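A.B. asks: Have a look at the structure that comes next, please.
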Amino acid sequence: LFYGEYLINAQGEDVVAGIRTPLPLTRHAREVAGTDVASLEEAMPEIFTQLADVRTTLERHYGDMQDLEFTVQQNKLYMLQTRSGKRTAEAALTIAVDMAEEGLITKQEAVMRLDPASLDQLLHPTLDPSADRHAIARGLPASPGAASGIITLTADMAEKRASQGQSVILVRLETSPEDIHGMHAAAGILTARGGMTSHAAVVARGMGRPCVSGAGELRIDSQRGIVYCGDVELKDGDTLTIDGAAGEVYLGTLDMVQPSLSGAFEIIMGWADGMRDMAVRTNAETPADAEAARAFGAEGIGLCRTEHMFFDSDRIIAMREMIMAVDTAGRQLALDKLLPMQRQDFVALFEIMSGLPVTIRLLDPPLHEFLPHSEEELAEVAQQAGVSVDLARQRALRLRESNPMLGHRGCRLAISYPEICAMQSRAIFEAVAKVAATGAAPIPEIMVPLAATAREIEICRQIIEAEAHAVQTETGQTFTYLIGTMIELPRAALCADQLAEQAEFFSFGTNDLTQTALGISRDDAASFMHAYQDAGIYAVDPFVSIDIDGVGALVKLGVEKGRASRPDIKLGICGEHGGDPASIHFCQSAGLDYVSCSPFRVPIARLAAAQAAVMAKSSKT
């Protein structure tokens with residue numbers, strides 16, 4: 001399609017100055033516009049033919065769509081300038097596919113000229129470029145897309161309003177796992193605190209929800225239902241629009257452009273899949289996320305965060321009973337209630353993945369995250385657990401930690417409370433047996449979190465294997481599974497050869513590995529990371545794109561030592577870096593087998609992995 005405009009008796013920048021109305025080049029464009037004024041094709045047919053021929057010559061020479069500037073003087077065509085034309089992500093896909101199918105460029109060239117990050121424009125609603133907008137607050141572009149909705153300050157109210165058909169923006173100081181139901185209900189999420197890998201950011205990306213995090217100008221008065229955005233005072237129920245790609249907040253409702261996936265998208269993704277070396281999995285623990293990821297081409301689940309499964313209203317009670325129990329018998333009673341729920345969770349994921357690998361991380365966060373905050377909720381938990389309120393309060397206080405991210409969490413929970421690990425393992429294997437009886441046999445990969453030593457993995461392995469043996473005996477089935485660990489501590493990378501003696505796979509959890517290697521809290525980094533980038537300390541936020549010199553060196557060491565000890569070890573990455581194109585190029589060079597990312601970043605990872613493989617092969621030749 002030849003598209004352009006011209007202007008009679010024009011000089012310099014008259015065409016783009018906006019003070020005169022240019023005319024279409026082609027008859028077709030004139031007819032579409034509904035104007036009677038002649039196009040260049042009709043007014044100067046010979047000049048138009050020459051221009052079309054020049055266009056074709058230049059396009060073939062440069063192998064790209066061209067933006068031409070020309071003038072006509074005394075019935076003679078003069079070319080002034082040519083350059084590669086600017087285009088939207090959708091247009092870039094279409095042009096690349098068209099040129100490859102015409103033979104102007106190769107399929108490899110078509111894949112290489114696309115910007116993987118630009119695919120976000122195709123997967124999420126975006127603000128209409130013509131919308132009149134004025135930002136009242138700015139934060140981090142934590143999850144792409146745009147959304148408008150009414151300010152809602154609690155997860156419970158977000159769920160209630162959404163059930164009534166209202167569009168909601170959940171506005172919080174920061175989010176926590178107990179806000180999951182409100183985040184699912186919200187059209188968008190806005191937080192005053194948090195970085196690019198904060199809870200709000202990670203969960204929103206997984207859900208495909210737009211999110212602006214770390215908007216430091218926000219001041220939230222929850223009791224009075226007031227939100228201050230700089231000098232602007234808003235209240236619960238007022239309307240906001242957020243742009244998760246720009247990290248900006250606007251007053252009122254702005255027009256949106258809805259996403260659309262062209263046929264060119266599927267074609268280019270197919271070409272990319274044939275070029276890449278690394279598999280692309282997804283981080284998902286709900287059926288909705290798993291189905292979305294499969295639709296985007298995910299080849300399995302690289303991280304199922306089981307803790308997110310325990311915050312639903314029908315489970316949190318049993319989870320809190322388990323935490324409040326004073327002995328093993330009490331914990332087991334509560335775990336027996338959770339077992340069938342957890343089993344069904346895994347059945348759903350295994351069925352959606354239909355024989356593809358599913359990596360399930362055992363319970364990771366500190367237990368206090370599951371406890372209530374108000375006295376009313378504490379009293380309810382005490383009653384359900386059959387203990388006094390004072391005893392429940394004491395138990396809650398004992399679980400509080402000064403630095404919970406480095407505290408009693410991960411595999412430390414399994415070692416202290418082996419019955420938790422046993423319940424989750426049994427749920428996995430019972431789900432495997434159930435699904436395998438009627439469909440494709442699942443391939444569970446059970447991941448031990450936060451291990452720093454081989455002995456930690458060995459203890460967990462003994463619990464897991466005992467449950468596998470028990471279920472196989474009970475069902476008469478045999479099934480394949482792997483036991484591995486998440487490498488998220490520097491010691492784990494340094495001693496990877498020892499860990500590989502117990503672990504059949506490594507998944508590099510670069511969110512925690514970055515904060516433990518750099519000594520920077522991922523939840524608090526937003527307050528100073530801009531200053532660090534401005535000072536040239538980090539070129540980019542290391543929680544967004546992997547710190548190759550530091551964290552990357554640990555990953556490479558882990559790969560080298562892991563393979564030295566176990567040559568067939570499976571290696572992947574499941575941190576948020578798994579969806580970042582620059583980090584994916586690093587993963588290719590490090591020799592990883594797969595990357596795993598949030599569902600809506602799967603196409604980005606597929607394209608980036610293909611480009612990384614092509615570049616790696618070209619550098620060798």
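A.B. asks: Taking the 0 to 90 degree range and rounding to the nearest ten, how far is the long axis of helix 454-475 tilted relative to the main principal axis of the chain, both from C-alpha atoms?
C.D. replies: Once rounded, one gets 80 degrees.
A.B. asks: With everything on Cα atoms, drop me the angle between helix 389-399 and the longest principal axis of the chain, reported from 0 to 90° to the nearest 10.
C.D. replies: Approximately 60 degrees, to the nearest 10.
A.B. asks: Which percent of the accessible heavy-atom area of segment 442-529 goes to carbon and sulfur, probe 1.4 angstrom? Write down the numbers at each step before the final one.
C.D. replies: Working: 1500 of 3070 Å².
In segment 442-529, the share of accessible area belonging to carbon and sulfur is 49 percent.
A.B. asks: Considering only protein heavy atoms and a probe of 1.4 Å, how much of the accessible area of segment 199-247 is carbon and sulfur, as a whole percent? List each step's numbers first, then the result.
C.D. replies: On the way: 810 of 1910 Å².
Reported share for carbon and sulfur atoms: 43 percent.
A.B. asks: Run the accessible area of segment 266-316 with a 1.4 Å probe and give the carbon-and-sulfur part as a rounded percent.
C.D. replies: Details: 810 of 1650 Å².
Carbon and sulfur together cover 49 percent of it.
A.B. asks: Between helix 45-62 and the chain, what is the angle of the helix's C-alpha long axis to the longest principal axis, kept within 0 to 90° and rounded to the nearest 10?
C.D. replies: In the chain, helix 45-62 runs at an angle near 40 degrees to the longest axis.
A.B. asks: Give me the extension gain from Gln472 to Ser416: residue separation times 0.36 nm, minus the current Cα-Cα distance, reported in nm with one decimal. List each step's numbers first, then the result.
C.D. replies: Numbers: separation 56, 0.36 × 56 = 20.16 nm, distance 2.61 nm.
Residue separation times 0.36 nm, minus the Cα-Cα distance, leaves 17.6 nm.
A.B. asks: Now a separate question. Distance from the Cα centre of segment 582-607 to that of segment 202-218, in angstrom?
C.D. replies: Here the answer is 21 Å between Cα centres.
A.B. asks: What's the Kirkwood radius of segment 56-102 in Å, using all Cα pairs? It would help to have the intermediate numbers written out before the result.
C.D. replies: Values: mean 1/r = 0.0832 Å⁻¹.
Value: 12.0 Å, from the Cα pair sum.
A.B. asks: Solvent-accessible area per residue for segment 271-344 at a 1.4 Å probe radius, Å²?
C.D. replies: On the way: 2640 Å² over 74 residues.
That works out to 36 Å² for each residue.
A.B. asks: Which option, (1) 48, 27, 23; (2) 50, 30, 21; (3) 38, 30, 25, is the value of semi-axes √(5λ) of the Cα gyration tensor in Å that was calculated from these coordinates?
C.D. replies: (2)
A.B. asks: Which whole-Hz ³J(HN,Hα) couplings does segment 405-411 yield from phi under the Karplus relation 6.51 cos²θ - 1.76 cosθ + 1.60, θ = phi - 60°, glycine and proline marked x?
C.D. replies: My calculation for segment 405-411 gives 5, 10, x, 7, 8, x, 5 Hz in order.
A.B. asks: Quick check: residue separation of Asp231 and Arg398 times 0.36 nm, minus the Cα distance between them. What number comes out in nm? Provide the component values of the computation, followed by the final result.
C.D. replies: Working: separation 167, 0.36 × 167 = 60.12 nm, distance 4.19 nm.
Length difference between fully extended and current span is 55.9 nm.
A.B. asks: Here is a further query. Give the residue list of GluC sites (Glu not before Pro) in segment 341-415 that are DSSP loop and have at most 16 other beta-carbon atoms within 10 angstrom. Don't skip to the answer; put the middle values down first.
C.D. replies: Details: sites: Glu351, Glu369, Glu375, Glu376, Glu377, Glu380, Glu401; in loops: Glu401.
Taking segment 341-415 and a limit of 16 other Cβ atoms within 10 Å, the loop GluC sites (Glu not before Pro) found are Glu401.
A.B. asks: Please identify every one of the GluC sites (Glu not before Pro) in segment 1-106 that sits in a loop by DSSP and has no more than 13 other beta carbons within 10 Å of its own beta carbon. Can you show the working numbers first?
C.D. replies: Values: sites: Glu5, Glu13, Glu31, Glu41, Glu42, Glu46, Glu59, Glu69, Glu90, Glu101, Glu102; in loops: Glu13.
Listed in order of number, the matching sites are Glu13.
A.B. asks: Continuing with the same structure: Per residue, how large is the accessible surface of segment 493-534? Use a 1.4 angstrom probe and give square angstrom. Write out the running numbers ahead of the final one.
C.D. replies: Numbers: 1650 Å² over 42 residues.
So segment 493-534 comes to 39 Å² accessible per residue, rounded to a whole number.
A.B. asks: Counting only heavy atoms of the protein chains, get the accessible area per residue of segment 78-136 (1.4 Å probe) and round it to a whole Å² value.
C.D. replies: Numbers: 3290 Å² over 59 residues.
It amounts to 56 Å² per residue over segment 78-136.
A.B. asks: Distance from a point 7 Å along Cα→Cβ of Leu339 to each backbone N in segment 403-438: keep the residues under 20 Å and list them by number.
C.D. replies: 414-437
A.B. asks: Would you please give the FRET efficiency between Glu42 and Ala10, computed as 1/(1 + (r/R0)^6) with r the Cβ-Cβ distance and R0 = 25 Å, to the nearest 0.05? Mind dumping the intermediate values first?
C.D. replies: Numbers: r = 18 Å, r/R0 = 0.73.
After rounding, the FRET efficiency stands at 0.85.
The values are calculated or read from the model by the stated rules, or taken from the named source; none is laboratory data. Source: prediction; values computed, not measured. So basically every Cβ, Gly included, is an ideal-geometry build from the backbone, and we count neighbours across all protein chains shown. Ligands, DNA and RNA are stripped out before the accessible areas are found, and what is left, the full protein with its side chains, is counted by its heavy atoms. Shrake-Rupley method; radii C 1.70, N 1.55, O 1.52, S 1.80 Å.
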